[in-house]
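Participant: Just passing along the structure, written as structure tokens.
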Amino acid sequence: QVQLVESGGGLVQAGGSLRLSCAASGTEISVSAMAWYRQAPGNERELVASITRGGTTTYADSVKDRFTISRPSAENTVLLQMNKMNPEDTAVYYCNAKIRRWPIPGTRDHWGQGTQVTVSS
């Protein structure tokens, strides 16, 4: 069984910072790309940032130069450092990981439970 556990959401004032963390766990797993998505009320879920196993990153235009995604030395963990936050960043943030479970071939998408981030003006 594969689990993604997120932490770090909460309430912050505009201009402030938060850091989200997500850890993947399970037996016989191999984690490739990891990403953060978000979904605001009435909106579709959107990609915020992604990072490959090799460290290549992509960002939504709306968060470039403010958010940083990283994978620390723990291979199955991803962080999202969010700076200079504004009320438009308010959403439920979801961790995503592409995971292979041996011996099943190929990777599947796995999702965390979501963590609420609220930015007050």
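Participant: If you check Gly55 against the conditions, is it assigned to a loop (DSSP other than H, G, I, E, B), open to solvent by less than 60 Å² (accessible area, probe 1.4 Å), of a type in the set (Gly, Ala, Ser) and at pLDDT 95 or above?
Facilitator: no
Participant: I'm trying to understand the selection: among the residues of the stretch 1-17, which are in a loop (DSSP other than H, G, I, E, B), open to solvent by 30 Å² or more (accessible area, probe 1.4 Å) and either touching a Cys at 6+ places or on another chain (Cβ under 8 Å) or not polar (S, T, N, Q) (or both)?
Facilitator: Residues satisfying the conditions are Gly8, Gly9, Ala14, Gly15.
Participant: List, please: which pairs have Cβ atoms under 6 Å, are six or more places apart or on different chains, and start with a residue in the stretch 94-121 that is among the basic types (Lys, Arg) and end with one that is open to solvent by less than 60 Å² (accessible area, probe 1.4 Å)?
Facilitator: Between residues of the stretch 94-121 that are among the basic types (Lys, Arg) and residues that are open to solvent by less than 60 Å² (accessible area, probe 1.4 Å), the close pairs are Lys98/Ser32; Lys98/Ala33; Arg100/Ser30; Arg101/Ile29.
Participant: Could you pull out every one of the strands (runs of 3 or more DSSP E) wholly within the stretch 67-121 that has 2 or more residues that are farther than 24 Å from Val12 by Cα?
Facilitator: Once the strands (runs of 3 or more DSSP E) in the stretch 67-121 are filtered for at least 2 residues that are farther than 24 Å from Val12 by Cα, what remains is 91-101, 108-111.
Participant: Hey, another quick one. Given (1) modelled with pLDDT of 95 or more; (2) open to solvent by 60 Å² or more (accessible area, probe 1.4 Å); (3) under 17 Å from Gln3 (Cβ atoms), identify the lone condition not met by Leu20.
Facilitator: Leu20 satisfies all of (1) modelled with pLDDT of 95 or more; (2) open to solvent by 60 Å² or more (accessible area, probe 1.4 Å); (3) under 17 Å from Gln3 (Cβ atoms) except (2).
Participant: What are the residues in the stretch 1-36 that are among the aliphatic types (A, V, I, L, M) and under 14 Å from Glu75 (Cα atoms), if any?
Facilitator: Leu4, Ala23, Ala24, Ile29, Val31, Ala33, Met34, Ala35
Participant: Taking only pairs six or more apart or across chains, which ones have beta-carbon atoms under 9 Å, a first residue in the stretch 1-17 that is under 23 Å from Val63 (Cα atoms), and a second residue that is among the basic types (Lys, Arg)?
Facilitator: Gly8/Arg19; Ala14/Lys84; Gly15/Lys84; Gly16/Lys84; Ser17/Lys84
Participant: Mind checking which residues of the stretch 30-44 are touching a strand residue (DSSP E or B) at 6+ places or on another chain (Cβ under 9 Å) and either surrounded by fewer than 19 Cβ atoms within 10 Å (Cβ to Cβ) or outside any strand (DSSP E or B) (or both)?
Facilitator: Ser30, Ser32, Gln39, Ala40, Pro41, Asn43
The values are calculated or read from the model by the stated rules, or taken from the named source; none is laboratory data. As the structure is a computational prediction, the values presented were derived from the model and not from experiment. Reconstructed Cβ throughout: ideal geometry from the backbone, glycine too, with neighbour counts over all protein chains shown. When the accessible area is computed, the model is the full protein with side chains, heavy atoms only, and any ligands, DNA or RNA have been set aside. Shrake-Rupley method; radii C 1.70, N 1.55, O 1.52, S 1.80 Å.
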